[in-house]
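Accompanying notes for the structure given below.
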Amino acid sequence: MKNLLITATGMLAITIVVGSAFAQTPDEVIVEGARTVKTTIGHTASGIPIQNVALSYGVSTQGLDLSTDSGKQALEKRVSDAAMAACKELGRQYPGSTPSDSECAKLATNKAMAQIQRVEAAATKK
């Protein structure tokens, strides 16, 4: 099940969360790819121009043993793959936006690393 949530607070954010909950759970990492669009793509209800776009995916840790190196590597690959998918989709929807797909994915993966480390640390304590 995919839920779409559109927010406009000076930035258009499209969040796709897999599952029925909107909040992040200990078994999920949120990965967000973001791009800057050179032209205004809309305005908020208060008239603020919207020029940035972001696409987020929830990445499940289900089926991974995060107390092992192979489980941690698998989670990091899932996050990296989700980041690339989000950034490629943004590039498809907004050609000419910056940064490039690969740079966008790198930034999104790096941003998600703090979440990954918390999830892995919690799994190690179990």
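Is segment 60-69 home to any residue that is acidic (Asp, Glu) and touching a helix residue (DSSP H, G or I) at 6+ places or on another chain (Cβ under 9 Å)?
First pass over segment 60-69, keeping only residues acidic (Asp, Glu): 65, 69.
Restricting the remaining residues to those that are touching a helix residue (DSSP H, G or I) at 6+ places or on another chain (Cβ under 9 Å) gives 65.
Yes - at least one qualifying residue is present in segment 60-69.
Across segment 24-59, which residue is modelled with the lowest pLDDT among those that are surrounded by fewer than 16 Cβ atoms within 10 Å (Cβ to Cβ) and in contact with a helix residue (DSSP H, G or I) (Cβ under 9 Å, 6 or more places away or on another chain)?
GLN24
Look through VAL53, VAL59 and report the one residue that is outside any helix (DSSP H, G or I), of a type in the set (A, V, I, L, M, F, W, C) and under 26 Å from GLY42 (Cα atoms).
On the way: VAL59 fails: under 26 Å from GLY42 (Cα atoms).
Answer to the check: VAL53.
Between SER70, SER100, which is hydroxyl-bearing (Ser, Thr, Tyr) and modelled with pLDDT of 95 or more? Let's see the steps before the verdict.
Details: SER100 fails: modelled with pLDDT of 95 or more.
After ruling out the rest, the residue left standing is SER70.
Pick from segment 63-122 the residues that are of a type in the set (S, T, N, Q), touching a residue at least 60 places away in the same chain (Cβ under 8 Å) and in a helix (DSSP H, G or I): which of them is surrounded by the fewest Cβ atoms within 10 Å (Cβ to Cβ)? Outline the logic, then answer.
The first filter runs over segment 63-122 and keeps only residues of a type in the set (S, T, N, Q), leaving 67-68, 70, 73, 80, 93, 97-98, 100, 102, 109-110, 115, 117.
Checking which are touching a residue at least 60 places away in the same chain (Cβ under 8 Å) leaves us with 97-98, 109, 115.
The next check asks that each one be in a helix (DSSP H, G or I); those that pass are 109, 115.
On the way: THR109: 20, GLN115: 16.
My answer is GLN115.
The values are calculated or read from the model by the stated rules, or taken from the named source; none is laboratory data. Keep in mind the model is a prediction, meaning the values are calculated, not measured. Here Cβ is always computed from backbone atoms with ideal geometry, including for glycine, and neighbour counts include all displayed protein chains.
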